Every structure is written in C-alpha cells, then in structure tokens.
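Since every read-out is calculated from the coordinates, none of them should be taken as a lab result. Please read all numbers here as calculations on a predicted model, not as lab measurements. Every residue, glycine among them, receives a Cβ derived from its backbone with ideal geometry; neighbour counts consider all protein chains shown.
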Amino acid sequence: MAARAAHVERHYSDRDASIARLELADDDDVHLAKSLMLIDEARYHDALAALSQINKRSTSSVRSEVAALRLGEKWDQVLLVLKDAKKFDAFSSERVDQIELEAFLGILSKPDMSLSALKEILKQANKRIRGEASFVMAMSKGFLSFDENRLAQNLVEDYLSRSWDDEIMLHYVRSSDNQNVTPLEKAEKWLEKQPRNPRLLTGLGILCRERELWGKSESYFRASNALENSVEVAYELSILYRRMNRLEESKVQLEFFAARQVAKVDS
C-alpha cells in the first residue's frame, strides 16, 4: 500500500494524499490503516475520527480504539470500550486486567475525584486488580484525602493479609490514627511471620513512637538497624530522641542521615 510506504518513510503529505483517494471507496480497512498510522504519530484525536468512519467494528478496530484512547488518557472511555473488547475477544484476560489497572490508576490520579467515584471504582475492580499494590496504594490515598481513614485502613489490611509490600505497609503505618492501637497490634502480628524484616521493624518503631511508647520504639528501630544500617532509621531515631528530649543523640542521628543523603547524591 502506497500510503503505508509513505508513512514508513515519513512522507506524510504523500501518505495523506494516498489515503484521501482510498477513502472515497469508504473501505473499513482503509479507515483502520489510517487510524493505526495516526496512532503511530500520537494523533489520537484524528485516529478516533478515522475509526468513527468504520461501518462494522472488528477485533482490530476495537484494539485500535483502545490504543487511541489510552494515548489520549481518556480513561473512562477506555473502560467502556474494554467491555466491547471482551466481546470481540480482542485481548487476553491478563492484558485486559493490565489495561483496566492502567485506566483505574489514571482516573484515580485526577484532582477532581469524588468519594462516590472512588467507591464505584472499588466496586468495579475485579479480584486480580484489587490484589495489585499500585491499585491498593492509590485507592488508600484517595480515601484518606476524604478523611475516610477506616476505609483506607481496611483496604490495606485486607491486602497485607493476602500479600505483602513494604511500601504499602509503611504507608499504612504513616497514615494510621495515633489514637488507634489496631495498626500496632496488626504490625506485631505481621512481625511474627517476618521477624527479620527491617522495614517492618522500622514501621513498628514509628507506630510505637507516635503512641509515645518510647522504649519499645527505640528497641524496634535498633533491631531494624542491626539488620540493615539504614538512613531511614537514622532519621526516624532523630525524631524519637528529639521528642524524648535527648537532643544530642537526636543531632547525631540527623547528621548521620544528612551525610548519607549527600553521599547518595554524589555517587
């Protein structure tokens, strides 16, 4: 096809002229080919316009529509078209889940997200997506932005009961209500199964510190440091010692943290 050859050579004016002549026949294959070339140019809006000219949708046209919508970050529409993609068997179930996850994360990143929309996303997401760390993290942060701490906490606890992710655990620790002892009790249960996890020990140190359990907090931080000499622990210890009015020790830990951060930047 002359249009495709011109596209490969980046002779776009010749390509467009060839496509214009072919479009007179109103052939679905021509509209599909045009959309694919426009997607290749990142012209998603024009690609969607070309696809709208197709008389009979097909597996290939639905795939192209999903690709164009993803390119334009039209996440709500992606989810709608994915329903058609399933009917056409356009993607494997694993690929559908990947695209749905991408769409949900895109929607969750919007600043105008409402609480009702958040709850609807949680309802729509299948079990596999709800088991993805990135989805759990985004949903939890979303609920916290509406002060729905209980919903956020339940979501993370459910995830960590079935799987594990240190970053999600630390997010859970840092966002927990200091008046609530449940997060501390949960974390101590997790420690029974992961006694040598330095990040979990750090998390426990934070939980105890925020509940003013100074001695337990220091013990957990020291245990974490014995397993992994971490700048993060040094920073957390500096906060603990400052609150305990052990100012000289706080200064030492903070200086250690700062020196390690500078070394990291220089390396």
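Where the convex hull is taken over the Cα atoms of the stretch 110-267, what is its projected area averaged over directions, in nm²? Numbers along the way, then the final one.
Values: hull surface 43.8 nm².
The directionally averaged projection comes out at 10.9 nm².
For helix 182-193, what angle does its Cα long axis make with the longest principal axis of the chain, in degrees from 0 to 90 and rounded to 10?
90 degrees
Please compute the length gained on full extension between residue 192 and residue 112, using 0.36 nm multiplied by the number of residues separating them and subtracting their Cα-Cα distance.
Residue separation times 0.36 nm, minus the Cα-Cα distance, leaves 24.7 nm.
Counting Lys +1, Arg +1, Asp -1, Glu -1, what net charge surrounds residue 137 among other residues with beta carbon under 11 Å of its beta carbon?
Details: positive: 141; negative: 132, 165, 167.
Residues near residue 137 contribute -2 overall.
For the chain, what does -39500 (n - 2.57) per DSSP helix run (n ≥ 4), summed and divided by total residues, give at 222 nm, in deg cm²/dmol to the nearest 500?
Working: 17 runs with 206 residues, N = 267.
Result for the chain: -24000 deg cm²/dmol, rounded to the nearest 500.
Given a cut-off of 14 Å, what percent of all Cα-Cα pairs of the stretch 92-175 lie beyond it? Intermediate results must be reported in sequence, preceding the final value.
Numbers: 2101 of 3486 pairs.
I get 60 percent for the Cα pairs in the stretch 92-175 exceeding 14 Å.
Longer than 28 Å from Cα to Cα, which of 74/264; 123/216; 216/264; 86/186; 141/186 are they? Say none if no pair is. Could the numbers behind the result be given before it?
Working: 74/264 39 Å; 123/216 39 Å; 216/264 30 Å; 86/186 40 Å; 141/186 20 Å.
Over 28 Å apart, Cα to Cα: 74/264; 123/216; 216/264; 86/186.
Provide the descending list of Cα extents for the chain along its principal axes, expressed in whole angstroms.
82, 43, 32
Calculate, axis by axis, the spread of Cα positions in the stretch 190-267 along the three principal axes, and write the results as whole Å, longest axis first.
Extents along the principal axes: 38, 30, 16 Å.
For 74, 83, 56, what's the fewest-to-most ordering of other Cβ within 10 Å of each Cβ? Present the calculation step by step, with values, prior to reporting the outcome.
Details: 74 18, 83 9, 56 6.
Ranking 74, 83, 56 by Cβ neighbours within 10 Å, fewest first, gives 56, 83, 74.
Take 45, 171 and order them by how many other Cβ atoms sit within 10 Å, fewest up front.
On the way: 45 11, 171 19.
Neighbour counts put them in this order, fewest first: 45, 171.
Between 0 and 90 degrees, rounded to the nearest ten: what's the tilt of helix 214-227 against the longest Cα principal axis of the chain?
Rounded to the nearest ten degrees, it is 60.
Among 180, 164, 139, which residue has its Cα furthest toward the positive end of the charge dipole of the stretch 139-202, with +1 on Lys/Arg Cβ and -1 on Asp/Glu Cβ?
Result: 164.
Among 173, 262, 231, which comes first, then next, by fewest other beta-carbon atoms within 10 Å? Don't skip to the answer; put the middle values down first.
On the way: 173 22, 262 10, 231 16.
Ranked by crowding around the Cβ, least crowded first: 262, 231, 173.
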